[in-house]
Amino acid sequence: NNQLATTGFAPVDGQPVRLIREDGRPIRPADISAGGQITVFPGIDHGVSNRHADSPTLLIHLREDDAQRSREANERVGHGGYMWGNYVAFSKICTHAGCPASLYEQQTNRLLCPCHQSQFLITDNAKPVFGPASRRLPQLPIEVDSEGFFVARSDYTEVVGPDFWERP
């Protein structure tokens, strides 16, 4: 794995990394109501620090219809199994200039980046639908462990953040 493609969610000694809140607490599915979302970080040493500035991730509990659309979109790009139930997780690092895409509109299922107004449609693989970003947000494959907490099934399978050398 090259360094660019590794985040704090990479398995540690073969063990999946938990998704944690900013205060370090792990997250269960029941912690997020339908339509809700939470920013999560890798449950490792310094996982919430700038040492892992590439790791902030948005964990979203989609409503049933939206989740179904999202699953179908996942299948189209070979990401079947990246969701857990109606939950989906995407990098918050904008693929345009690396700003945090931090504004989630649950009515439209769009994640907005305040820096240059890029918008990503969560139910269509976080595809850019407005603004300068040309690449979708990477999706984190997630599941729930034996204790009922969210974990990353693997690290991101796509490069997180901007690809400066691939820009059109």
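Contact order for the chain, expressed relative to its length and based on alpha carbon pairs under 8 Å spaced 6+ residues apart, stands at 24 percent.
Note that the stretch 142-150 has calculated 3J(HN,Hα) couplings of 10, 8, 10, 7, 5, 9, x, 9, 5 Hz, one per residue in order, obtained from phi through the Karplus relation 6.51 cos²θ - 1.76 cosθ + 1.60 (θ = phi - 60°); glycine and proline are x.
Summing Cβ point charges (Lys, Arg +1; Asp, Glu -1) relative to the Cα centre of the stretch 71-168 gives a dipole of roughly 360 debye. Rounded to the nearest whole Hz, the Karplus-based 3J(HN,Hα) values (6.51 cos²θ - 1.76 cosθ + 1.60, θ = phi - 60°) of the stretch 63-76 follow the sequence 5, 3, 4, 5, 5, 4, 4, 5, 4, 4, 5, 4, 4, 4, with x at glycine and proline. Scan (1) 1, 8, 16, 18, 17, 14, 10, 7, 4, 2, 1, 0, 0; (2) 1, 7, 11, 12, 13, 13, 12, 10, 8, 6, 4, 1, 1, 0; (3) 1, 10, 19, 23, 23, 15, 7, 2, 0 for the value of P(r) over Cα pairs in 5 Å bins from 0, in percent calculated from this model and give just the label. Matching the structure shown: (3).
Lacking any other cysteine beta-carbon closer than 4.7 Å is a condition met by no Cys residue of the chain. Applying the Karplus relation 6.51 cos²θ - 1.76 cosθ + 1.60 with θ = phi - 60° to the stretch 23-33 yields 3J(HN,Hα) values of 8, x, 7, x, 10, 9, x, 5, 6, 10, 6 Hz, where x marks Gly and Pro. Note on the chain: with charges restricted to the Cβ of Lys and Arg (+1) and Asp and Glu (-1), its dipole about the Cα centre is near 340 debye.
By a 1.4 Å probe calculation restricted to protein chains, ILE38 has an accessible surface near 40 Å², given to the nearest 10.
Along the axis of the charge dipole computed for the chain (Cβ charges of +1 for Lys and Arg, -1 for Asp and Glu, origin at the Cα centre), the listed residues PRO26, PRO11, CYS115 are led at the positive end by CYS115.
The values are calculated or read from the model by the stated rules, or taken from the named source; none is laboratory data. All values derive from a computational prediction rather than experimental measurement. Virtual Cβ from ideal backbone geometry, glycine too; neighbours counted across all protein chains shown. Keep in mind that these areas ignore ligands, DNA and RNA; they rest on the heavy atoms of the full protein, side chains included. Shrake-Rupley method; radii C 1.70, N 1.55, O 1.52, S 1.80 Å.
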